[in-house]
Each structure stands twice: as structure tokens, then as C-alpha cells.
Amino acid sequence: MTQDVEMKEQQTPSNSTSSTVPVLHHLKEIASLIETGAYAREVRRISRAVRLTIALRKKLKGSVISSFLGFALSPGSEAHQRLSSYLSKDDQNDMEVDTASSGATQATVKHSPELEIYCYLLVLIFLIDQKKYNEAKACSSASIARLKNLNRRTVDVLASRLYFFYSLSYELTGELSEIRGDLLALHRVATLRHDELGQETLLNLLLRNYLHYNLYDQAEKLRSKAPRFEAHSNQQFCRYLFYLGKIRTIQLEYTDAKESLLQAARKAPVAALGFRVQCNKWAVIVRLLLGEIPERTVFMQKGMEKALRPYFELTNAVRIGDLELFKTVAEKFSTTFSSDRTNNLIVRLRHNVIRTGLRNISISYSRISLADVAKKLRLDSPNPEKESAEKRRVRQQQEQELAKHIAEEDDDDF
């Protein structure tokens with residue numbers, strides 16, 4: 001059925017409504033999947049619905065979401081009115097998409113808390129993608145208020161995604177500190193409800209909140225006292241390792257930091273290119289602080305060459321031990337280092353550059369033979385060290401004989 005619709009879309013590109021039908025059809029299938037999972041209490045179906053939604057993220061349009069809200073929620077309900085208010089009037093005027101099919105199936109879809117929370121998530125994702133951050137803040141706050149009244153295991157997966165976008169909407173508006181208390185309260189509630197996925201997500205959001213304002217001590221206190229359990233989400237576990245690596249780096253525990261950062265980079269999904277780039281940037285700095293020189297292959301990974309170029313030149317300066325080159329690279333890419341928040345770590349590298357330069361000088365001088373030194377200084381002996389040792393032995397022997405002679409004379413006088 002989807003293939004037929006797509007073929008019609010290619011045949012009639014001038015029709016604006018035909019391009020929205022496939023996306024709306026997929027959203028209805030996702031709604032049916034959520035309803036089935038909620039009725040059967042199968043969390044895996046809810047997780048699959050979230051993954052399918054992320055795949056449709058780039059295809060979402062306001063008119064499609066408006067039509068879906070009319071399909072999934074009861075018209076005139078509080079949730080429907082609130083979510084519709086976040087969409088523009090132009091989008092609401094285009095709700096005639098596939099009205100016949102939606103009207104026919106409206107009676108078959110029951111209104112459930114899971115589907116309502118999913119509608120909040122769908123609208124929130126759309127608002128963030130459209131860069132309507134103020135509306136996204138209002139929508140996320142309303143969704144969190146609705147979540148506080150729900151305690152269902154089938155809602156946990158949707159709630160964890162809402163927590164993430166809730167924090168993201170406030171971070172994009174520069175007001176991340178305002179929700180720190182709310183995140184702590186949500187983490188406490190998730191702990192009491194044994195929502196382990198929610199605990200993972202909220203712990204990472206709190207760590208990110210603290211690190212955003214350079215509150216590393218508070219982040220470490222929270223991390224050390226938070227409940228520990230087996231990771232349920234690989235993505236959340238990777239984020240946790242990354243934040244742990246940053247905390248350990250600031251605390252001068254470079255060995256543990258290196259292990260955490262490299263593990264986060266290895267476990268991260270291939271599609272998470274930006275995250276893996278950040279892990280590799282911090283890992284390079286930590287390895288340099290440990291006195292190691294990263295391999296060239298680290299900087300030649302696919303899709304990372306341009307992003308890691310400043311750190312490659314920095315590594316080259318440290319390897320050579322050229323302090324002037326190190327200063328030049330630090331000034332040249334100061335903007336990049338500031339955005340990555342690695343400026344303070346690069347200042348620490350100055351001592352490593354000096355140490356490397358001194359080591360190179362020492363190695364260079366150790367390669368000069370003593371015979372060449374004697375020839376350059378025009379000494380009589382080709383081995384001045386051996387000659388000085390011989391003179392020292394003779395002088396010590398003479399001093400011993402003189403001391404023995406003086407002792408014998410004192411005995412005779414006595």
C-alpha cells in the first residue's frame with residue numbers, strides 16, 4: 001500500500017497532500033503498535049515505536065502532525081487543545097489530509113496514556129527541529145507535568161526520551177540551570193518507582209547539567225552516590241562513560257579517564273559521529289597528558305579528519321617538543337579549543353612540551369662520543385672520563401699513604 005502511494009506521489013508531484021499521506025500512514029501504524037504494546041504490557045513494542053519515529057523525523061511536517069493529533073487524541077480534549085496550540089495556524093488549516101481514512105479508523109483507536117505521551121514527544125521533536133525553542137520549552141514542561149501522574153512500565157521508554165528533549169530545549173535557550181532541581185526530583189521519583197531506564201537518562205542529564213557549568217565536584221558527588229545497576233541502554237551507557245572520562249580528566253586521574261573515553265568511543269553507534277569525535281578529542285588530550293603520542297590512524301578515521309585536524313597539529317607540536325610551534329597551534333585553533341572546552345587541558349600540556357624538548361636535547365647529546373668531545377676540546381686523552389677517574393684514584397691513594405705516615409709519627413712521639 002505504501003509503494004502505491006509513493007508511486008502516485010511521483011506521478012503527481014504538484015499535489016501537496018499526496019506527499020503527506022505516507023508519513024501519516026506510518027504514524028498511524030506506530031500508534032497502533034503503541035496501543036498493542038500498552039494493552040499487552042510489552043515494552044519492546046514501545047521501544048520499536050520510538051525507533052520508527054526517529055527514522056521519520058526528517059519527514060515530519062506540521063500538517064501531518066495536526067492530522068495525526070486529530071486521529072490519536074479525542075478532539076476537544078485538553079491534550080489535543082494544548083498540543084494543537086503549539087503548532088502554527090497554517091499547519092492546523094491543512095488537517096484535511098486523509099480525512100476519510102482517519103474518520104473511519106477513529107473509533108478503533110482508543111485513547112491511552114501511552115499514546116498521549118507519544119503525541120507530546122512527537123510535537124516536541126518537531127518544534128525542536130523547527131527551532132521553535134520557546135514553544136518546545138512550554139511543550140516539554142507540560143509533558144513532564146503529565147508524566148508525574150503516570151506510573152506505568154510501558155511509559156518508561158517514552159518518558160526517557162521526553163526527559164532528554166526536555167533538557168535539550170532548555171539547553172538550546174541557555175536556561176539549563178533552571179531545571180536542575182526538577183531533574184533531581186524526577187531522578188528521585190524514578191528511583192522510587194524502580195524506573196532504571198529513567199534513572200540512567202536522568203543521571204546523564206544531571207551530569208551534563210553540572211559539567212555545562214563546570215561544576216565537576218558536584219557531578220562527582222552525584223555520580224558516586226547514585227544507585228548502580230546493569231545498563232539498559234547502550235547509548236546512555238556511552239554518555240555516562242564520556243562524562244565520567246571528563247570528570248576523571250579534571251581530577252588528574254588520566255589513566256582512568258583514558259580508559260573511560262576510549263571505551264565510550266568504541267561502544268558508541270557508528271551513526272553517532274559527533275559523539276565519537278568528542279570522545280576522540282578528549283582521549284587525544286588525555287593521552288598527551290600521560291606522555292603518550294596517539295597513532296596517526298586515530299586522526300584519519302572516516303569522517304573525523306577535519307574535526308580532529310587541530311588536535312593532530314597539537315600532537316605534532318608535542319611530539320617534536322617545539323614550544324613555539326605549540327603556542328602557534330594553540331592560538332590558531334583557540335576558537336575550536338574553547339568550543340570543545342579543552343583550553344585548560346591544553347595549558348597543562350605546556351610542561352609536557354618542555355619535557356619532550358629537553359628529552360630530545362638529552363638524546364641528541366648522548367649520541368656524541370667521548371672521543372669526538374676530546375678531539376673537539378683538544379684533550380690529550382680520548383677518554384676524559386677515564387682519565388679523571390685515574391687521577392682521582394691516584395690522589396686518593398696518596399692521601400691514604402700520607403694519613404698512614406702521620407699516624408705512625410704520632411705513635412712514635414707517644
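General remarks:
- Count of residues meeting criterion [of a type in the set (F, W, Y) and either open to solvent by less than 40 Å² (accessible area, probe 1.4 Å) or in contact with a Gly (Cβ under 9 Å, 6 or more places away or on another chain) (or both)] in the stretch 179-224: 2
- Odd one out for R287, checked against (1) modelled with pLDDT under 90; (2) basic (K, R); (3) closer than 30 Å to Y213 by Cβ: (1)
- Residues in the stretch 225-277 that are touching a residue at least 40 places away in the same chain (Cβ under 8 Å) and assigned to a loop (DSSP other than H, G, I, E, B): S233 only.
- The set of residues in the stretch 28-51 being among the β-branched types (V, I, T) and either open to solvent by 50 Å² or more (accessible area, probe 1.4 Å) or not in a helix (DSSP H, G or I) (or both) consists of T36, V43.
- Yes/no for D182 being in a helix (DSSP H, G or I) and farther than 28 Å from S32 by Cβ: yes
Here is a yes/no grid of residues against (1) at pLDDT 90 or above; (2) touching a Leu at 6+ places or on another chain (Cβ under 8 Å); (3) under 23 Å from S160 (Cα atoms):
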site	(1), (2), (3)
N204	yes, no, yes
D217	yes, no, no
A226	no, yes, yes
F229	no, no, yes
L241	yes, yes, yes
K258	yes, yes, no
Q263	yes, yes, no
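- Single unsatisfied condition, A107 versus (1) open to solvent by 70 Å² or more (accessible area, probe 1.4 Å); (2) at pLDDT 80 or above: (2)
- Looking only at the stretch 153-171, and only at residues there that are closer than 17 Å to D129 by Cα and among the hydrophobic types (A, V, I, L, M, F, W, C), the one that is surrounded by the most Cβ atoms within 10 Å (Cβ to Cβ): L162
- Every pair of residues 6+ apart whose Cβ atoms lie under 8 Å, when the first sits in the stretch 113-130 and is open to solvent by 10 Å² or more (accessible area, probe 1.4 Å) while the second is part of a helix (DSSP H, G or I) and hydroxyl-bearing (S, T, Y): I128/S169
- Residue selected from the stretch 324-337 under the condition open to solvent by 60 Å² or more (accessible area, probe 1.4 Å) and within 18 Å of K306 (Cβ to Cβ), by the criterion nearest to the chain's Cα centre (by Cα): T335
- Residue that is surrounded by the most Cβ atoms within 10 Å (Cβ to Cβ), among those in the stretch 133-152 that are farther than 15 Å from S167 by Cα and among the charged types (D, E, K, R): R146
The values are calculated or read from the model by the stated rules, or taken from the named source; none is laboratory data. Values in this document were obtained by computation on a predicted structure and should not be read as measured data. All Cβ positions, glycine included, derive from the backbone under ideal geometry; neighbour counts span all protein chains shown. These area figures cover heavy atoms from the full protein model, side chains too; ligands, DNA and RNA do not enter into them. Shrake-Rupley method; radii C 1.70, N 1.55, O 1.52, S 1.80 Å.
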